[in-house]
Amino acid sequence: MIEIKFCGAAKTVTGSAHLITIDNETKVLLECGLYQGSDPTFKEFNEDWQFDPESIDLVILSHAHIDHSGRIPKLYKDGYKGNVICTHATRDLCSIMLLDTAHINQREVERKRKRGQNVEPLYTSEDVYECLDDFISYPFNKWIDIHPKIKLLFRDAGHILGSASVTLKITTSGEKRY
């Protein structure tokens, strides 16, 4: 059995995160994006999860844009212990973009603190460095066994450098699904 829960980029185009649960046990997070915008409806989105980060087995990332990758350091900070699977260029771009996002976030926190607000950064540069070692990158156009129940294929999406269309072959209770 496969269940999909949309945990971001629903009713908006930012903050992409989709939780795939296989046989009620294996949990894969496809994307882990930061909400970017000012809609008050999403005020708490970046701080809160619709799942327990410690329960996630694997993260698959299609590309490095922050609305797809921007909460990965927070996911680790909040207890995730697995790997992030992506293409080589996505891994390289994330190492730059996530550090930049941490820097921007820290500057915003400092500005708010000067106004008397008691706020903490979503994550810091140190949090980014801690998660980057767990990024595992693969080439395009090659089926990869990433989990006993999951094979993955990245195809060039042409969106940004390293962006991929993600195809999964998932085995559930002896069945294969695509």
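The values are calculated or read from the model by the stated rules, or taken from the named source; none is laboratory data. Nothing here was measured: the structure is a model prediction, and the numbers come from that model. Every residue, glycine among them, receives a Cβ derived from its backbone with ideal geometry; neighbour counts consider all protein chains shown. These accessible areas exclude ligands, DNA and RNA; they are computed on the full protein's heavy atoms, side chains included. Shrake-Rupley method; radii C 1.70, N 1.55, O 1.52, S 1.80 Å.
Here are the numbers for this structure:
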| quantity | calculated |
| --- | --- |
| Residue satisfying condition, being touching a Pro at 6+ places or on another chain (Cβ under 9 Å), of a type in the set (D, E, K, R) and within 20 Å of ILE20 (Cα to Cα), within set ASP48, ASP67, ASP78 | ASP78 |
| Filtered residues of segment 146-178 (kept if within 19 Å of ARG91 (Cβ to Cβ) and of a type in the set (D, E, K, R)) | ARG155, ASP156 |
| Residues that are in contact (Cβ under 8 Å) with a residue 12 or more places away in the chain, out of contact with any Phe, Trp or Tyr (no Cβ under 7 Å at 6 or more places or on another chain) and either assigned to a loop (DSSP other than H, G, I, E, B) or closer than 15 Å to ASP78 by Cβ (or both), drawn from segment 28-45 | LEU29, GLU31, CYS32, GLY33, LEU34, GLN36, GLY37, ASP39 |
| Meets criteria (in contact with a strand residue (DSSP E or B) (Cβ under 8 Å, 6 or more places away or on another chain), charged (D, E, K, R) and either within 21 Å of TYR138 (Cβ to Cβ) or surrounded by 15 or more Cβ atoms within 10 Å (Cβ to Cβ) (or both)) for ASP57 | yes |
| Scope segment 107-141; condition within 25 Å of THR26 (Cβ to Cβ) and either among the β-branched types (Val, Ile, Thr) or without any contact (Cβ under 8 Å) to a residue 12 or more places away in the chain (or both); matching residues | ASP133, ILE136 |
| Count - residues of segment 130-157 that are of a type outside the set (Val, Ile, Thr) and in a strand (DSSP E or B) | 11 |
| Count of segment 66-85 residues which are within 12 Å of the chain's Cα centre (by Cα) and farther than 11 Å from CYS32 by Cβ | 3 |
| Among the candidates ALA9, ALA64, ALA17, residue that is in contact with a Gly (Cβ under 6 Å, 6 or more places away or on another chain) and open to solvent by less than 30 Å² (accessible area, probe 1.4 Å) | ALA17 |
| Filtered residue count, segment 154-178, keeping only those that are surrounded by 15 or more Cβ atoms within 10 Å (Cβ to Cβ) and in contact with a Leu (Cβ under 8 Å, 6 or more places away or on another chain) | 3 |
| Selection from segment 82-95 of residues that are in contact with a helix residue (DSSP H, G or I) (Cβ under 7 Å, 6 or more places away or on another chain) and surrounded by fewer than 17 Cβ atoms within 10 Å (Cβ to Cβ) | SER95 |
| Residue match in segment 69-78 (condition: open to solvent by 40 Å² or more (accessible area, probe 1.4 Å) and modelled with pLDDT of 95 or more) | yes |
| Filter result (among the hydroxyl-bearing types (Ser, Thr, Tyr) and farther than 17 Å from SER62 by Cβ) within segment 149-176 | THR171, THR172, SER173 |
| Candidate set: segment 38-54, residues that are among the acidic types (Asp, Glu) and closer than 21 Å to ILE4 by Cα; chosen: the one modelled with the lowest pLDDT | ASP48 |
